[in-house]
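K.L.:
Input: one structure, supplied below.
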């Protein structure tokens, strides 16, 4: 095949770099899409520099360039993105066309044929660009809506951790292995992310009383913190981003130096908290934790239809209990007899909690927590539902605790003895899910490495990343050129040995000696020639004698290392030329 010109070889990688750089400089591309785009760009440059076959190289670079364009198009980047995609598509098509060109074509194509080919290229490229511009954002939106529907949410405010939670919203999360955060230091068992005090079937809501925000200092000294929590895939960007903290967290430290905490003790994450890391302490606090709102009327409210169904059952379960604590323990004990399940049908027209308690007696953590809260309220005990994560996994490869989507959890906080105290009615042996395996731990380690690479590229900025890519491409080209020179040298050496010809370095040395007046006769053995040179009164004589003897041993006896012998013969040839004042002559090996 005809080798594609150097320009067409790097066109896909160069154009994909331009697309990703344009989008990254003008739009807030998500971390995952940015990482994929950068990885594809790096692969495109590497394939263009290292792959030898033109057809394989062209296919690899074009696929990587298209993948980078697709990753960069996960947001609505508008007309500039479309124009960039048009030129990138043209570059990819031109590269493929150059790679497919025949090695021998008689004559040049007619102007009409050239214009026709150009029109086809532009048309195909424009179609691809239009599809990317108008199709990708809409496709991404549809996928997000489907995922939201899987979680049981109808909008951004009905997610598992916001001011509104629809029952069943964590079901999809509980089946996912995606990493949410990592924890260094002593690990808390529960991390709070939302508190709900009003039940409006099938929703749990955070009332206005609990939404009131107060700004607290979060600049504690580094040595004051014992636990560090780093979000990997936190709450969606917006006005309701959250930290996930244990109850009673104190001595907080974030990059912005302040944290907003609502009346229920839930911390909100600000846009300036980059990187998304928070340090804290849970005991021995220098500064006490932010206060949590005492019980209100909402913490005893139960919708009338639900109360009529649950009050009698709760009274029966707690008949022998004398104190609020005893009643909570009795309710928790009875709920422990229920079955944990993520897929349970519900009876139509019946409140989901009533159905859980009276009909199916099976469900996941949201159902257990909701039932305990409502039944406790029927007994006059203020209670709330808490959403967050349960920490159960430690990666032995890193020593860090790892929190995944499947660790999403709901539990209860009840007002006992003048304080809010946690209760978890979900059967522990059932709700922990499958244990983490070796693949999970290895995947976490790889994810950490990817996060660091992406973070370093983001810190470099657009120009720094472009410079790094250019330097990497130059290095890869240099390695390839050097490898080609080494292979060529070895091939010539093998050819010389196969045909009984002297090595090129030997011819250089004998030529230099002949120019100096010490020619070798055709019938003179190399050893005899070397000994004759050793008697010459010259600075190079001893080196030339030793190099020729080593060369004879390698050539006719297979003794010694070829690379070492070749270098010695080269040095001797240079010494002879320098002695004659001919340093400008060719002295390198071939």
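K.L.:
Can you give me the three principal axis dimensions of region 270-310 from its C-alpha atoms, in Å, biggest first?
P.N.:
48, 27, 16
K.L.:
With a 10 Å Cβ neighbour count serving as the proxy for reagent exposure, in which order, fewest first, do 92, 250 appear? Each step should come with its number before you reach the end.
P.N.:
Values: 92 27, 250 20.
Lowest count first: 250, 92.
K.L.:
Could you work out the relative contact order of region 502-579? I mean the mean sequence separation of Cα pairs under 8 Å and 6+ apart, divided by the number of residues, in percent.
P.N.:
On the way: 72 pairs, mean separation 28.0, N = 78.
Across region 502-579, relative contact order equals 36 percent.
K.L.:
Sort 489, 269 so the one with the fewest other Cβ atoms within 10 Å of its own Cβ comes first.
P.N.:
Numbers: 489 16, 269 21.
Fewest to most other Cβ atoms nearby, the residues stand as 489, 269.
K.L.:
For a quick check: sort 523, 341, 15 by the number of other beta carbons within 10 angstrom, fewest at the front. Don't skip to the end; give the middle numbers.
P.N.:
On the way: 523 6, 341 13, 15 25.
Ranking 523, 341, 15 by Cβ neighbours within 10 Å, fewest first, gives 523, 341, 15.
K.L.:
Could you tell me the extents of region 502-579's C-alpha atoms along the three principal axes, largest first, rounded to whole Å?
P.N.:
30, 25, 19
K.L.:
Translational diffusion coefficient, Stokes-Einstein: compute it for region 316-369 using the Kirkwood radius over C-alpha pairs as Rh, at 37 °C and 0.692 mPa s, and state it as an integer in µm² s⁻¹.
P.N.:
Values: Rh = 12.0 Å.
Calculated translational D: 274 µm²/s.
FYI, it's all coordinate maths here, none of it is from the lab. Remember, predicted model here, so these are calculated numbers, not experimental data. Positions of Cβ are backbone-derived with ideal geometry, glycine not excepted, and every protein chain shown enters the neighbour counts.
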